[in-house]
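We did not get these values from a lab; they are worked out from the coordinates using the rules stated. Because the structure is predicted, anything quoted here is derived from the model rather than measured.
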Amino acid sequence: MYKCYQDNITAGEESFPLSQVIAENLFYLAMWVLTGYLLWPIWTPFGLPLLTIIWAILVVIIQVLLKKHNCSGCYYYDKGCHLGWGKISAAMFKQDSGNPKIGVKLSFFYILPPPLITLTALAFAIIKSPSWVYWFMLALFVILNAASFPVRKKGCGSCAMREVCPGSASKNKVIS
Ligand code: SF4
């Protein structure tokens, strides 16, 4: 575990039920897929949904980097955190092989895209008047993002890393 985390581990669950791990991962997956759908018609040079392709590549790259820079130094490395990502990290990277400061920067992936995507999709929908399906997906995206706050707070609330994990939705302190 990263040294900067060691003094801030809080009492929490040692492992989480598989049903919770699957549900939380499906929740994230749904939001990433919805993002790809909303971006799809916005920019299609040569008929290619370029923004969706860029988004898909970005999700994969950032998620892999997060497993290295956050999860490899986490208390749950090779254990079952509420997302199960400690196990994925252990399968891909050596323990403590990342840089927690890079991990903090990468965690902006959870903060910046949702409002940007919402505004971009909304502007597209107003200008281009797409079908009701697009509007429905946009509304679903907004609802899921709003719901992500209590969902993440619940998962992070009983996590031993909640005070230090840069992606924690239930912390009072941040590492410097
Ligand atoms: S608690 Fe956060 S940093 Fe730790 S393994 Fe889970 S997702 Fe990764």
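Taking a ≥ b ≥ c as the square roots of the eigenvalues of the Cα gyration tensor, segment 1-40 is oblate, since a/c reaches 1.5 or more and a/b is not larger than b/c. The 3J(HN,Hα) values that the Karplus relation (6.51, -1.76, 1.60; θ = phi - 60°) gives for segment 100-106 are, in residue order, x, 5, 5, x, 4, 5, 5 Hz. Gly and Pro appear as x. Rounded to the nearest Hz, the phi-derived 3J(HN,Hα) couplings of segment 112-122 under the Karplus curve 6.51 cos²θ - 1.76 cosθ + 1.60 (θ = phi - 60°) are 6, x, x, x, 5, 5, 4, 5, 5, 5, 5, where x marks glycine and proline. Every helix of 4 or more DSSP H residues in the chain counts as -39500 (n - 2.57), and over all residues that averages to -19000 deg cm²/dmol at 222 nm.
In this structure the amide hydrogen of residue 169, modeled in the peptide plane, comes within under 5 Å of the amide hydrogens of 156, none closer than 5 places in sequence on its chain.
Please quote Rg/Rh for segment 123-166 to two decimal places, taking the Kirkwood radius as Rh and restricting both calculations to Cα atoms.
Details: Rg = 16.3 Å, Rh = 12.8 Å.
Taking Rg over the Kirkwood Rh, I get 1.28.
Roughly how tilted is helix 18-39, in degrees to the nearest 10 and between 0 and 90, from the longest Cα axis of the chain? Between the helix axis and the principal axis of the chain, the angle is about 30 degrees. Across 73, 155, 12, mean-square fluctuation computed from a Gaussian network of the chain (C-alpha pairs under 10 Å connected) peaks at 12.
Can you run the Rg to Rh ratio on the chain? Use alpha carbon positions and the Kirkwood inverse-distance Rh. Here Rg/Rh amounts to 1.02.
Expressed as an acute angle from 0 to 90° and rounded to the nearest 10, what is the orientation of the C-alpha long axis of helix 132-157 relative to the principal long axis of the chain? It works out to around 10 degrees. Which of the pairs 128/153; 128/154; 101/128; 3/154 have their Cα atoms more than 31 Å apart in this structure? The answer is 128/153; 128/154; 101/128. Note: relative contact order over the chain, using C-alpha pairs below 8 Å and six or more positions apart, is 30 percent.
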